[in-house]
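Single-structure report; data block below.
FYI, it's all coordinate maths here, none of it is from the lab. Just so it is clear, the model here is predicted, and its values are computed rather than measured. Cβ placement follows ideal geometry from the backbone for every residue including glycine, while neighbour counts extend to all protein chains displayed.
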Amino acid sequence: MISKLEINETNQMIGREKLDVRTITMGISLLDCIDSDKDRLLKNVYEKIMRLAGNLVKTGDDIANEFGIPVVNKRISITPAALIGGPALKTPEDFVDLARTLDLAARDTGVNFIGGYSAVVSKGMTEADKNLILSIPEAMAVTENVCASVNVGSTKTGIDMDAVFQMGQAVKRTAERTADRDCIGCAKLVVLCNAPDDNPFMAGAFHGVTEGDAVINVGVSGPGVVKTALQEVHGQDFEVLCETVKRTAFKVTRVGQLVAHEAAKRLNVPFGIVDLSLAPTPAVGDSVAEILEEMGLESVGAPGTTLALALLNDQVKKGGVMASSYVGGLSGAFIPVSEDHGMIEAVEKGLLTIEKLEAMTCVCSVGLDMIAIPGDASEDTIAGIIADEAAIGMINQKTTAVRVIPAIGKKVGEHLHFGGLLGDAPVMAVNMASCREFVRRGGRVPAPIHSFKN
Amino acid sequence: MSRIIITVVGKDTVGIIARVCTFLAEHNINILDISQTILQDFFNMIMIVDAGKCDMTFAELSAGLKNVGENIGVTITCQKEEIFEMMHRI
């Protein structure tokens, strides 16, 4: 039988160290909703989402109550919208109507985000992809709970530089279009390279074409649990450090596995994957930066940060892989700036720069995430930032992403306030030397060679 | 529904165990293990119970115990055992 010690340990993780299941995300294929008539398409989409996910929120809440583990978010990811919209949606305005329908479905199911207002254009763009990309600023402005993502490159295809430039424009225009709301549109928009098909986390979640009709993916969290475990072994050598992270990640992931299986069973939808992620929140004690600092850094951003993050990421995967039957998604440590008070403090003290964050993205699970940049950064500069991240992803065979928020009318040192899980973003300095000619060349960057690795 | 972990925490007072156990007995729930400590007037109890023959759903049981706790001035939470099994047993 379970001992009192074990019960206390688990409940302390939940109560004091903020262990939670960050999201139960239902992936829904909308391929069977395709129609050449716009009204029928929108009706099909709404009805299928309501039919499959109508009970998602209640099921998540029931599981949370029965096991005593918070399930913070219940979400939906759909087939990339550009794939299903093509036959019926012929203009960007048509696509905005699809975004409105998705927003309505999000509201009526009670989920907090629906992801998959997306295009996968790692090699080239169809007319539908182009229309979707053009529609993003308006779609992000007129909807509350829809997340957009565009995959602009992959290790197998190279990088579509036309798409990179267009996404630089889309990010800038989305910020301008939502400038009255602290540019919130850009917090729901991410540009990816090597995007996984089964990611449960926003803003990059979509239900890829390799997936079945519907699936349950679960994202776990627990930076506070890892930090507390590391406090117990303060000052000990790297073997102990790594083992401690690994063991803790195992325990955290087991909870995700339990919740994923329960949700799949109750919703009668197959279990997909558990995403082993350390996702911070703005709350004190729920921070990835605090873990790195507990390892012995005065501040995140100090020399040593990249290794600290690399070993954290690697040990989380090693511990988590054994704890779950299927692992997928992004799986690693997230380093969003606005959602992690430790990151925000380091930026405010001048100890964490966008260049250091870029280096950190080489070894973490995603990329430049939730970073406010000066409002006068041009679409070319944003495209250059996207291109650099895509290069890191393409060459290193990993997922990378850019979710930057141009703070329209604001300068370095000022803040954007989003509230909730999205937090508070200090505007960070960006190198403003021009990359205009480079990012506007157009065309594709060929796929990289897989030999001569140096 | 079978094994459930019931946790009771709060300021110590007369009759906490009695009232919780009475409630459990009324609903045909068998207590398998009780562990209780008092630290500086602070009452902390963990019970492992078998609710296999319980006459209520989990939600009703949970709400019922919460209500008992509110009457005594302590916090009572119920969790299915699987979360602990998953985390601590391979």
* Quick one: dipole size for the protein assembly as shown, taken about the Cα centre, charges +1 on Lys/Arg Cβ and -1 on Asp/Glu Cβ, in debye to the nearest 20. => 720 debye
* **Cα-Cα pairs of the stretch A:23-193 separated by more than 25 Å (percent)** => 33 percent
* For a footprinting-style exposure proxy, rank A:Leu276, A:Leu104, A:Leu56, A:Leu31 by other Cβ within 10 Å, fewest first. => A:Leu31, A:Leu104, A:Leu56, A:Leu276
* To do: Between A:Lys58 and A:Cys242, with labels modelled 7 Å along Cα→Cβ, what's the label distance in nm to one decimal, could you check?
  => 4.9 nm
* For the protein assembly as shown, share of DSSP beta bridges that run antiparallel, in % to the nearest 5 -> 55 percent
* Asked: Which of the residue pairs A:Lys58/A:Lys130; A:Lys227/A:Lys318; A:Lys130/A:Lys317 have a Cα-Cα distance greater than 27 Å in the structure shown?
  -> A:Lys58/A:Lys130; A:Lys130/A:Lys317
* To do: Can you pull the one-decimal nm distance between simple spin-label points at A:Thr91 and A:Lys411, each 7 Å off the Cα toward Cβ?
  => 4.1 nm
* Where a ≥ b ≥ c are the square roots of the eigenvalues of the C-alpha gyration tensor, would you call the stretch A:218-441 rounded, which needs a/c under 1.5, or, failing that, prolate if a/b is larger than b/c, or oblate? -> prolate
* Which of A:Cys364, B:Cys54, B:Cys21 has the fewest Cβ neighbours within 10 Å, and the rest in rising order -> B:Cys21, B:Cys54, A:Cys364
* To do: Any lysines with Cα under 20 Å of the A:Lys453 Cα? List them, leaving off those in the same chain fewer than 8 positions away.
  => A:Lys156, A:Lys398
* Asked: Which of the lysines could a cross-linker span from A:Lys38 if the Cα-Cα distance has to be under 16 Å and same-chain partners fewer than 8 positions apart are dropped?
  -> A:Lys48, A:Lys90
* Asked: On average, how many beta carbons from a partner chain sit within 10 Å of the beta carbon of a residue in A:265-272?
  -> 0
* Structure fact -> Against the 2.2 N^0.38 Å rule of thumb, the C-alpha Rg of chain A sits at a ratio of 0.93
* Asked: What is the order of A:Arg40, A:Arg22, fewest Cβ neighbours within 10 Å to most?
  -> A:Arg40, A:Arg22
* What is chain B by shape, rounded, prolate or oblate, if you read a ≥ b ≥ c off the alpha carbon gyration tensor as root eigenvalues and call it rounded for a/c under 1.5, prolate for a/b larger than b/c, and oblate otherwise? -> oblate
* How large is ³J(HN,Hα) for each residue in the stretch A:401-415, as worked out from phi by the Karplus curve 6.51 cos²θ - 1.76 cosθ + 1.60 (θ = phi - 60°), to whole Hz, x for Gly and Pro? -> 7, 10, 10, 9, 10, x, 8, 4, x, 10, 10, 3, x, 7, 10
